[in-house]
1. So what is the relative contact order of the chain, in percent, for Cα pairs below 8 Å that sit 6 or more residues apart?
2. Restrict the search to segment 28-88; then list the GluC sites (Glu not before Pro) that DSSP places in a loop and that have at most 16 other Cβ atoms within 10 Å of their Cβ.
3. With angles folded into 0 to 90 degrees, how steeply does helix 124-136 sit against the dominant principal axis of the chain? Use alpha carbons for both and round to 10.
4. Kindly state, to the nearest 0.05, the FRET efficiency for Asp216 paired with Lys87, given R0 = 22 Å and r defined as their beta-carbon distance.
5. Would you list which lysines come within 17 Å of Lys570, measuring only between C-alpha atoms, while excluding same-chain residues fewer than 8 positions from it?
6. Take the Cβ-Cβ distance between Leu209 and Asp319 as r, set R0 to 41 Å, and report the resulting FRET efficiency rounded to the nearest 0.05.
7. So what's Rg/Rh here for segment 1-94, counting alpha carbon atoms and using the Kirkwood radius for Rh?
8. Starting with the highest mean, order 299-312, 516-529 by the number of other Cβ atoms within 10 Å, averaged over the residues of each peptide.
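Taken together, the values in this text are just the output of simple stated rules run on the coordinates, not laboratory data. Just so you know, these numbers come straight off a predicted model, no measurement behind them. Positions of Cβ are generated from backbone atoms using ideal geometry, with glycine treated the same way; all protein chains shown enter the neighbour counts.
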Amino acid sequence: MPSYKEFHARSISDPDGFWREQAQRIHWQRPFERVLDYSRPPFARWFVGGTTNLAYNAVDRHQATRGEQAALVYISTETPSGEPAEKSYTYAQLYREVNRFAGILKGLGVGRGDRVLIYMPMVPEAVFAMLACARIGALHSVVFGGFASVSLATRIDDAKPKVIVSADAGSRAGKAVPYKGLLDEAIRLAQFPPAKVVLVNRGLAELPLVAGRDLDYGRLRAEHMNDEVACEWMESSEPSYILYTSGTTGKPKGVQRDTGGYAVALAASMEQIFCCAPGETYFCTSDIGWVVGHSYIVYGPLLNGCTTILYEGTPLRPDAGIWWRIVEQHRPTSMFSSPTAIRVLKKHDPAFLTRYDLSSLRLLFLAGEPLDEPTAQWIAQGIGKPVIDNYWQTETGWPILAIPRGVQALPSKFGSPGVPSAGYNVKIFSEHDGSEIGADQKGVVGIEGPLPPGCMSTVWGDDERFVRTYWTAIPGRMAYSTFDWGIRDADGYYFILGRTDDVINVAGHRLGTREIEESISSHPNIAEVAVVGVADSLKGQVAVAFAVVKDAGRIATPELKLAHEGDVMKTVDSQLGAVARPARVHFVTTLPKTRSGKLLRRSIQALCEGRDPGDLTTIEDPTALEQIRAAVAR
Ligand code: ATP
Ligand code: MG
């Protein structure tokens with residue numbers, strides 16, 4: 001086994017040799033002719049001429065060796081009592097379900113290159129639908145279940161699906177969230193409505209069927225019970241799916257993923273980063289509506305012959321120990337979650353972390369937003385396992401930065417997601433002239449082209465937008481911008497310092513809202529904080545903070561509140577200087593976030609400036625925004 005340094009250096013200097021070896025991890029129906037075609041930068045084509053199929057690699061290939069092994073374990077605590085209900089599918093059973101669903105889609109006229117929009121809760125049928133699409137060469141576009149009609153309509157019009165797969169309802173903390181009304185309204189708003197809608201009836205909500213359009217999945221499944229559907233052999237660069245970015249910073253972009261490169265990259269990452277061997281169990285708590293769910297609930301574990309856990313529910317029901325109870329029962333070796341989820345658990349009794357037998361678990365991976373040190377330490381100590389931060393984007397499909405413990409168990413550094421993964425030629429660039437910036441200096445985190453296998457091929461239907469958005473932000477270079485600030489230290493570890501559009505300008509000083517947030521967070525009574533730049537006639541912009549306190553007693557009266565605000569400001573003064581001091585610190589009990597745990601800074605800022613908060617479909621808790629509105633009005 002080479003050291004990390006050799007391993008990564010070779011992936012950059014000899015991409016041909018490196019990825020040719022990695023490509024052996026998957027089945028190629030027809031071998032590729034070339035490893036990489038980068039003749040038309042920034043468009044990279046990996047494994048040119050090779051044909052393969054994601055579903056074949058995820059399901060069929062394991063039939064002979066793992067037919068009786070569990071492939072998918074569905075655990076739902078969205079039951080009346082909150083007690084988990086389970087259903088497990090072996091690789092043989094998964095194969096049957098995927099073939100049935102593929103038969104249904106084919107029967108509805110869906111073929112290679114057609115799109116299928118999946119608007120589903122976290123149920124096994126959603127996974128069957130994704131794999132069925134892959135099987136027949138159709139592109140799935142999973143839209144987070146429960147998104148509001150307008151944003152669903154926008155995604156329908158962008159992807160133009162032939163069929164939509166949906167359900168009567170999702171469920172959240174034991175309460176049904178009906179989908180059908182939202183879906184009908186979205187289809188009514190859409191310019192390019194689907195011809196057919198396949199509906200899974202969970203018996204949670206009314207499910208009136210529109211004649212000629214809506215079809216019951218249960219009935220269709222019975223009709224296609226014995227279908228065997230051949231895999232469509234896709235050229236490696238042919239698209240496998242479209243996934244829209246979270247839209248934290250702007251209009252969601254339809255990230256288009258290829259087939260062969262994605263399969264190779266995910267299979268490699270399962271070993272190199274996630275250290276989960278074939279036959280072992282992987283537990284990712286994300287949602288299939290997000291990229292983490294695509295890559296590490298569905299494709300990564302299955303491509304690698306693992307057992308994957310599909311969890312429907314919150315981390316708190318029936319109690320805050322549920323995830324650890326699942327670990328005790330199902331014995332995953334790797335687990336993947338997010339800092340937000342851990343912060344949610346942190347509000348509850350730490351005894352939950354030690355109540356269950358976690359001996360199977362080797363590593364806990366966290367990604368999606370900055371991992372603060374107190375949260376990392378709390379969970380690492382609580383469960384007694386190493387916590388591995390990793391940094392990536394919907395666009396990249398798998399980690400850009402991590403500690404690749406499957407290659408070499410490099411030490412972690414708090415605050416750093418680690419070092420570049422295979423094939424990522426990560427650099428820190430000057431946003432002014434595109435020059436490379438040395439160690440310990442802040443700049444834009446960029447990736448010199450080509451992006452490695454598995455990353456986005458283009459923006460769906462809009463090559464021009466792909467180039468303009470990602471490849472022109474770093475001047476004079478064919479480099480991909482992550483739109484995140486970062487620093488590389490002398491040991492080659494990267495630190496992410498916030499998004500490039502989170503910079504504010506106070507009286508000529510450029511300040512990162514993230515730095516101010518970190519400073520405020522270091523105050524012992526602050527649990528969480530969001531800082532935004534708000535237009536100010538005098539200073540151009542001022543920082544305004546919204547903070548959640550740990551001990552509400554300390555802000556119980558208006559006088560105490562004022563004193564506490566001053567105290568928080570002092571913390572910033574002493575750490576960053578008075579210029580970074582927020583003009584106001586408002587106290588709230590919760591912050592507006594997306595369901596994937598990202599702060600909706602754009603919406604907070606809009607409210608502060610008296611503007612419309614914009615697209616709020618991804619918001620976790622709408623009342624959080626009301627608190628901002630009320631705080632600002634005061
Ligand atoms: P949009 O691009 O539409 O505004 P988004 O960027 O929120 O949406 P994602 O692709 O889900 O959508 O998020 C990727 C971003 O999340 C990264 O660019 C980075 O800002 C942040 N992020 C992810 N993981 C980490 C991490 N480990 N540490 C710090 N930041 C992270
Ligand atoms: Mg982004």
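1. It comes to 11 percent, rounded to a whole number.
2. Hits after loop and neighbour filter: Glu33, Glu68.
3. Approximately 60 degrees, to the nearest 10.
4. Here the calculated transfer efficiency is 0.65.
5. Filter leaves Lys561.
6. The formula returns an efficiency of 0.60 here.
7. That ratio equals 1.18.
8. So the order, starting with the most tightly packed, is 299-312, 516-529.
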